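Engineer: Would you mind keeping the following structure in view while I ask a few things?
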Amino acid sequence: MLLDAALPVSTSLWKLNQPWWEFPIRAVVVYAFMLLILRLTGKRQIGQLAPFDLVLLLVISNAVQNSMNAGDNSVTAGIILVLSLVAIHWIVGEITFRSKKQALVIEGSPQILVHNGIPNEKTLARERLTHHDLMAAIRQAGLGSLEEVHIAILETNGSISVIPKQRS
């Protein structure tokens, strides 16, 4: 008798509410949309997460969950979605590895923030970096002022590389 009562629960864990092929399609659409949104919001959002940035990413992930699983909370749907997302991520990695042109589109290119002690205000504004963010990166590199910086570059992963001026 107890086995009969448990049977519907265990089968519902695996039974899909949607056709299996719909999940990879939904995963591709959501992945592409999220990649586009993250590219448009700038590298700072990815490489230097402030607490409010992290909260936004967590809330976004929760918001897109139902668009991927169509309300299907079965284990099978979860497995299909995970496999789909990992496959998409691997494919995007291969594309960016094999094609510099596609890497520029997907990852962007490094941006010069400071050259010979002079900040590039347009680039800072476009990447939504404040002078406080810039100075934090400069201090992290062991320098105390903009005048000591030969070049500071916002890398494609969101980190800031700082190269000091040569000492005479």
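Bear in mind that the values in this text are calculations on the coordinates, not laboratory data. Keep in mind that what you see is a predicted model, and the values were worked out from it rather than measured. Because the Cβ atoms are built from the backbone with ideal geometry, glycine has one as well, and the counts that use them run over all protein chains shown.
Engineer: Output the qualifying pairs, or none if there are none: Cβ atoms under 6 angstrom, residues six or more apart or on different chains, first residue in segment 23-35 and within 8 Å of Ser84 (Cα to Cα) and in contact (Cβ under 8 Å) with a residue 40 or more places away in the chain, second residue buried (at least 19 other Cβ atoms within 10 Å of the Cβ) and polar (S, T, N, Q).
Structural biologist: Partner pairs satisfying both residue conditions: Pro24/Ser84; Ala27/Ser84.
Engineer: Further question: Of the numbered conditions (1) touching a residue at least 40 places away in the same chain (Cβ under 8 Å); (2) in a loop (DSSP other than H, G, I, E, B); (3) of a type outside the set (D, E, K, R); (4) surrounded by 14 or more Cβ atoms within 10 Å (Cβ to Cβ), Asn157 satisfies every one except a single condition; which is it?
Structural biologist: Exception for Asn157: condition (4).
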